[in-house]
Amino acid sequence: MLERGSLPDTFWYSTKRKLLGPPLVNQDLGEQRLSKPLALGVLSPDGISSSAYGTEEILIALVPFVGLAAFTLLLPMTLVVLFVMVLVLLSYREIVMVYVRPGGSYVVARENFGPRIAQVCAVALLIDYVVTVAVQIAAGTAAVASAFPAVGRYKLEICVGVVLLMAFGNLRGLKEAGRSFAVPTYLFSGAVILMIVVGLVREIIGNLPVYHPATLHGAYHLGSSSDGLLSAAMIFILLRAFANGGASLTGIEAVSDAVGAFRPPEGRNARKVLMTEGAILGILIAGISWLAHATHATPRTAGYPTVLAQEAQYVFGHTFIGQVLFYVVQGATMLILYTGGNTSFNGFPFLTSYVAGDSFLPRWLLKRGHRLVFSNAIILLTISSVALLIIKDADVNSLVPLYAIGVFTAFSMAGFGMARYHSQHRTPGWRRRLVINFSAGLLTLIVVGIFAVVKFTEGAWLVVVLFVILVPALIRLNHEYQAETDVLETISENQPPPPPHYSRRTVFVFVDHFDLATLAAMRYARSMRPTTIRAVHFVIDSVRADKLREKWTRADRGIPLDFIDVSDRRLTRAAAELVEREAADPSTHVTVVLPRRSYSALLGRLLHDRTADKIAAVVSRIPRSAATIVPYDVTSRVRVLQARQQAAKAAAANGDATAGQKVTARETDVAAQHGAPAAEPPAEPPAPVRGQVKGREPGGPDGQQASKPGAPDGQQAFKPGAPDGQQASKPGAPDGQRASKPGAPDGQRASKWRPDHSESGTPATVTAIGSLDTPGRAVVEGRIRVVEIKPVERNSVLACEISDNTGALTALFYGRSHIPGLVCGSRVRLRGTVGFRADGHPVMINPAYELLFPAL
């Protein structure tokens with residue numbers, strides 16, 4: 001038994017501990033209740049920060065087509081966006097009062113439409129969280145580039161670096177409930193509201209500068225469309241502008257996802273915070289749009305300086321204080337956008353845990369990691385958002401089409417869900433609430449349709465495709481989990497069946513190499529105390545099989561080794577066929593033991609092709625069979641053995657005989673635990689053969705029996721190497737009659753028959769194996785499919801199974817462990833007396849053979 005601290009930490013765990021800190025225990029998973037001011041600062045960055053780029057996105061859609069008229073159309077478009085925002089706020093105002101549990105719109109959809117339809121909302125939110133990280137970080141980097149244009153060329157690298165830093169912080173257990181996360185919200189809101197107030201004052205007194213878009217370097221080209229407002233082209237342009245402006249509403253749902261984190265009464269406090277957030281967001285959107293209308297701040301094709309940065313530059317001027325305020329606005333914008341992106345690292349893992357808890361996502365997303373966070377979900381979000389940033393080159397305008405479809409789909413599901421709730425429960429004022437929520441659901445559904453149409457070619461098609469793929473995939477995964485749950489419930493309800501009783505238990509040890517891992521697997525197989533143990537090697541390389549045969553024979557493990565030819569190299573199929581044949585008897589249970597050398601996780605993936613896993617998966621589907629993979633860390637075991645051997649040598653050198661004996665004893669114990677040779681009982685003898693011809697001693701008269709000591713019950717042993725029914729010739733006999741002596745070393749020739757030296761009266765024609773039905777002499781031919789070395793007492797038997805198109809026959813060569821040429825894949829012709837086992841399988845003992853075609 002290992003002492004405490006004797007098992008060293010792995011390299012990866014040590015690295016993780018240094019990077020992320022010591023692991024947290026479950027008792028550290030505390031819950032912090034939020035006051036209203038702190039909740040507003042912590043939960044609002046995602047929603048409030050979207051005002052930084054919403055106005056700019058509307059202008060990007062209008063300026064290239066209508067020119068300066070875009071600054072006039074900007075105001076009514078902003079009013080439409082604010083109207084949608086009011087409806088969404090009123091809908092979520094009802095949600096936070098009814099559903100105190102975390103989950104937001106997903107919980108609303110699940111409770112009112114069922115878990116399957118709710119997966120539409122789940123997919124929408126998952127996409128929203130991924131795109132939120134990309135958009136917020138890209139917009140925050142654009143704010144940095146607006147203040148320091150020299151860093152603009154590195155915006156992608158900065159974005160990727162920021163995402164990785166956020167992932168690192170969240171893997172360490174970064175908590176958003178800290179007061180530091182509330183600072184960007186109040187700083188940004190205060191700085192931008194101050195800018196709006198100063199801008200309005202300067203506009204009233206008449207000294208607010210105005211840009212001339214035509215002279216701005218890098219600005220979008222000014223269009224000159226003369227189409228009327230009711231023309232098809234203009235309607236399409238306005239719809240695109242409205243769709244872009246809808247990005248200003250993203251993040252409103254964040255409060256509904258964390259109602260349970262508020263101080264009691266949770267619902268009422270959450271409602272107040274939600275409405276306060278909506279009021280601040282409305283002021284910011286309206287004020288930024290008005291200043292853009294007044295100053296003609298024009299978006300740039302490079303993405304920076306942003307419209308907000310241009311407004312701050314003109315409003316505050318170029319004085320020292322004005323420049324300080326300009327940098328304050330840009331710094332606050334960067335902070336709130338980055339903080340808004342970080343909210344996804346909190347929301348995404350919890351959403352995936354909710355969905356996985358409903359069995360619609362893999363259950364490994366429920367696992368908390370080293371620092372009690374959902375590490376797998378954080379890593380998944382990081383990889384997805386970084387890939388999206390790289391694909392879209394960290395351009396906000398390219399990311400927005402992917403953004404709003406997911407957000408507004410969640411809005412729509414929440415609105416319709418609350419409308420259904422009020423229609424069923426009919427609480428006081430339910431009609432008014434039903435109208436509000438249904439209107440919000442319908443309007444946001446129209447917005448989704450607008451996005452899907454006008455932004456289809458700009459990237460919305462990808463979101464549509466993801467919906468089509470992911471929603472059925474989540475439902476399909478739930479089917480798998482539900483089927484397992486139903487079976488378990490059925491088993492739990494019924495009386496458990498009696499444990500099976502098998503009269504025969506067979507263990508196959510699949511051997512690829514003869515090494516310490518194989519020895520450990522055989523030791524484990526013996527510990528199961530089966531009826532029969534057989535080692536099996538699937539031959540796909542004859543040279544490799546010959547080397548294994550030599551090592552196996554020399555080691556004398558006391559377990560028969562079968563060589564099974566797999567000409568098509570389909571190892572899993574060959575393993576399944578072997579197990580199926582053995583398990584065909586209802587009273588037999590088969591266990592397959594698969595040794596595997598263990599390495600580190602990364603190195604193991606490079607060094608292993610997962611063959612053992614594939615075989616185990618196939619075997620586990622066969623009735624009355626099971627597969628066990630025995631991992632073996634060879635490196636650590638060899639290190640332990642070497643250390644103990646060195647200690648034994650040191651003790652012997654110091655003359656400490658007692659210590660040396662103790663160390664040697666411990667070394668012996670360890671060696672035995674790791675598959676060292678041990679005396680084992682011999683394998684069971686071959687099954688009795690009926691109708692076989694008794695063997696004769698060399699030179700004895702016909703019919704005289706040679707009783708071989710230790711021969712299997714009911715059999716008379718043949719002279720090893722002698723052809724069935726013939727005498728064994730001495731050296732120098734004619735070709736084809738030389739036989740090896742009992743226990744002769746491998747390489748000596750067994751009796752080899754050639755047609756021109758056959759006895760008179762011997763059948764000259766080849767008999768199909770499948771037609772053999774009575775004992776007697778016969779000539780058969782076929783391809784060797786299985787070669788097995790069976791230990792018998794202190795000798796061995798070489799068993800070769802040959803097959804033709806009609807059946808299979810086993811040839812037994814006593815006293816031999818190897819005969820040159822008789823290997824898997826060879827084609828041979830055998831002559832001898834045919835007997836039959838109890839199961840009807842034909843057998844020849846020490847037949848004469850002719851090698852027709854050697855193995856490749």
Quiz item: Of the residues that make up the range 384-391, is at least one part of a loop (DSSP other than H, G, I, E, B) and either among the hydroxyl-bearing types (Ser, Thr, Tyr) or more than 30 Å from ALA460 (Cα to Cα) (or both)?
Solution: no
Exercise. Return a yes/no flag: does the range 352-370 have any residue that is in contact with a Ser or Thr (Cβ under 6 Å, 6 or more places away or on another chain) and within 30 Å of SER146 (Cα to Cα).
Key: no
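Considering only residues of the range 85-112 that are touching a Ser or Thr at 6+ places or on another chain (Cβ under 8 Å) and surrounded by fewer than 22 Cβ atoms within 10 Å (Cβ to Cβ), which is farthest from LEU284 (Cα to Cα)? Explain how you work it out, then say what you get.
First, the residues of the range 85-112 that are touching a Ser or Thr at 6+ places or on another chain (Cβ under 8 Å): 85, 87-88, 92, 95-96, 99, 104-105.
Still in the running and surrounded by fewer than 22 Cβ atoms within 10 Å (Cβ to Cβ): 85, 87.
Values: MET85: 13, LEU87: 18 Å.
The selected residue is LEU87.
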Quiz item: Within the set of pairs 6+ apart or on separate chains, which have a first residue in the range 67-88 that is small (Gly, Ala, Ser), a second that is open to solvent by 50 Å² or more (accessible area, probe 1.4 Å), and C-beta atoms under 6 Å apart?
Solution: GLY67/SER224
Quiz item: Out of the range 447-477, which residues are at pLDDT 90 or above and in contact with a Ser or Thr (Cβ under 9 Å, 6 or more places away or on another chain)?
Solution: PHE467, LEU477
Practice problem: Name, by its number, the condition in (1) open to solvent by 60 Å² or more (accessible area, probe 1.4 Å); (2) touching a Lys or Arg at 6+ places or on another chain (Cβ under 7 Å) that does not hold for HIS425. | Solution: (2)
Quiz prompt | Which listed residue is touching an Asp or Glu at 6+ places or on another chain (Cβ under 6 Å) and open to solvent by less than 50 Å² (accessible area, probe 1.4 Å), from GLY251, GLY267 | solution = GLY251
Practice problem: Please verify whether the range 64-83 includes one or more residues that are closer than 30 Å to PHE360 by Cβ, open to solvent by less than 10 Å² (accessible area, probe 1.4 Å) and not acidic (Asp, Glu). | Solution: no
Quiz item: Restricting the first residue to the range 503-524 and requiring it to be closer than 18 Å to ASP562 by Cβ, which pairs with a second residue that is among the polar types (S, T, N, Q) and open to solvent by 50 Å² or more (accessible area, probe 1.4 Å) meet a Cβ separation below 6 Å and a spacing of at least six or different chains?
Solution: ARG504/THR531; ARG505/THR531
Exercise. Take the residues in the range 536-551 that are among the acidic types (Asp, Glu) and over 34 Å from the mean Cα position of the chain (by Cα), then tell me which one is farthest from GLU801 (Cα to Cα).
Key: GLU550
Quiz prompt | Search result, residues across the range 302-316 that are part of a helix (DSSP H, G or I), under 44 Å from the mean Cα position of the chain (by Cα) and among the β-branched types (Val, Ile, Thr) | solution = VAL307
Quiz item: If you go through the range 321-333 one residue at a time, do you hit one that is outside any helix (DSSP H, G or I) and under 17 Å from ALA145 (Cα atoms)?
Solution: no
Quiz prompt | Checking SER256 against (1) surrounded by fewer than 21 Cβ atoms within 10 Å (Cβ to Cβ); (2) in contact with a Phe, Trp or Tyr (Cβ under 8 Å, 6 or more places away or on another chain); (3) among the hydroxyl-bearing types (Ser, Thr, Tyr), the condition it does not meet | solution = (1)
Quiz item: Among THR298, THR276, which is part of a loop (DSSP other than H, G, I, E, B) and surrounded by 15 or more Cβ atoms within 10 Å (Cβ to Cβ)?
Solution: THR298
Quiz item: Do we have any residue at all in the range 151-161 that's open to solvent by 10 Å² or more (accessible area, probe 1.4 Å), among the acidic types (Asp, Glu), free of Cβ contacts under 8 Å to residues at least 12 places away in the same chain and part of a helix (DSSP H, G or I)?
Solution: yes
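Quick grid of which residues meet (1) at pLDDT below 90; (2) out of contact with any Gly (no Cβ under 7 Å at 6 or more places or on another chain):
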residue	(1), (2)
VAL198	no, yes
LEU230	yes, yes
PHE236	yes, yes
ALA254	yes, no
Exercise. State yes or no: is ALA292 in contact with a Ser or Thr (Cβ under 9 Å, 6 or more places away or on another chain), among the aliphatic types (A, V, I, L, M) and assigned to a loop (DSSP other than H, G, I, E, B)?
Key: no
Practice problem: Scan GLY441, GLY347, GLY406 and give me the residue that is open to solvent by less than 10 Å² (accessible area, probe 1.4 Å), within 20 Å of ASP257 (Cα to Cα), within 29 Å of the chain's Cα centre (by Cα) and small (Gly, Ala, Ser). | Solution: GLY406
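If you take the residues of the range 478-497 that are more than 19 Å from GLY114 (Cα to Cα), charged (D, E, K, R) and surrounded by 10 or more Cβ atoms within 10 Å (Cβ to Cβ), which of them is modelled with the highest pLDDT?
First, the residues of the range 478-497 that are more than 19 Å from GLY114 (Cα to Cα): 484, 487-497.
In the following step, the residues that additionally are charged (D, E, K, R) were identified as 484, 489, 493.
Filter once more, so that each one left must be surrounded by 10 or more Cβ atoms within 10 Å (Cβ to Cβ): 484, 489.
On the way: GLU484: 80, GLU489: 73.
Of everything passing the filter in the range 478-497, GLU484 is modelled with the highest pLDDT.
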Practice problem: Exactly one condition in (1) touching a residue at least 24 places away in the same chain (Cβ under 8 Å); (2) part of a helix (DSSP H, G or I); (3) touching a Ser or Thr at 6+ places or on another chain (Cβ under 8 Å); (4) not charged (D, E, K, R) is not met by ALA394; state its number. | Solution: (2)
Exercise. Return the only residue of GLY459, GLY449 being without any contact (Cβ under 8 Å) to a residue 24 or more places away in the chain and of a type outside the set (A, V, I, L, M, F, W, C).
Key: GLY449
Quiz item: Taking the range 818-835, which residues are open to solvent by less than 10 Å² (accessible area, probe 1.4 Å), of a type outside the set (A, V, I, L, M) and touching a Leu at 6+ places or on another chain (Cβ under 9 Å)?
Solution: SER826
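Which residue, of LEU380, LEU337, LEU365, is part of a helix (DSSP H, G or I), among the hydrophobic types (A, V, I, L, M, F, W, C), surrounded by fewer than 24 Cβ atoms within 10 Å (Cβ to Cβ) and modelled with pLDDT of 90 or more? If you could, list the steps in order and put the result at the bottom.
On the way: LEU337 fails: surrounded by fewer than 24 Cβ atoms within 10 Å (Cβ to Cβ); LEU365 fails: modelled with pLDDT of 90 or more.
None of the other options fit; the residue is LEU380.
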Quiz item: Can you tell me which residues in the range 579-604 are open to solvent by 10 Å² or more (accessible area, probe 1.4 Å) and either modelled with pLDDT of 90 or more or over 29 Å from the mean Cα position of the chain (by Cα) (or both)?
Solution: GLU580, ARG581, GLU582, ALA584, ASP585, PRO586, SER587, HIS589, THR591
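When you look at LEU291, is it more than 44 Å from the chain's Cα centre (by Cα) and buried (at least 20 other Cβ atoms within 10 Å of the Cβ), yes or no?
Criteria met by LEU291.
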Practice problem: Being over 15 Å from ARG573 (Cα atoms), surrounded by fewer than 14 Cβ atoms within 10 Å (Cβ to Cβ) and more than 18 Å from the chain's Cα centre (by Cα) is the filter; apply it to the range 605-629 and report the residue that is modelled with the lowest pLDDT. | Solution: LEU607
Exercise. Determine if the range 116-134 includes at least one residue that is crowded, with 22+ Cβ neighbours inside 10 Å, farther than 17 Å from THR352 by Cα and within 30 Å of the chain's Cα centre (by Cα).
Key: yes
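The values are calculated or read from the model by the stated rules, or taken from the named source; none is laboratory data. In this text the structure is predicted, and so the values were computed from the model without any measurement. Glycine also receives a Cβ, built like all others from the backbone with ideal geometry; neighbour counts cover every protein chain displayed. Just so you know, the surface numbers come from the protein's heavy atoms only, side chains and all, with ligands and any DNA or RNA stripped out. Shrake-Rupley method; radii C 1.70, N 1.55, O 1.52, S 1.80 Å.
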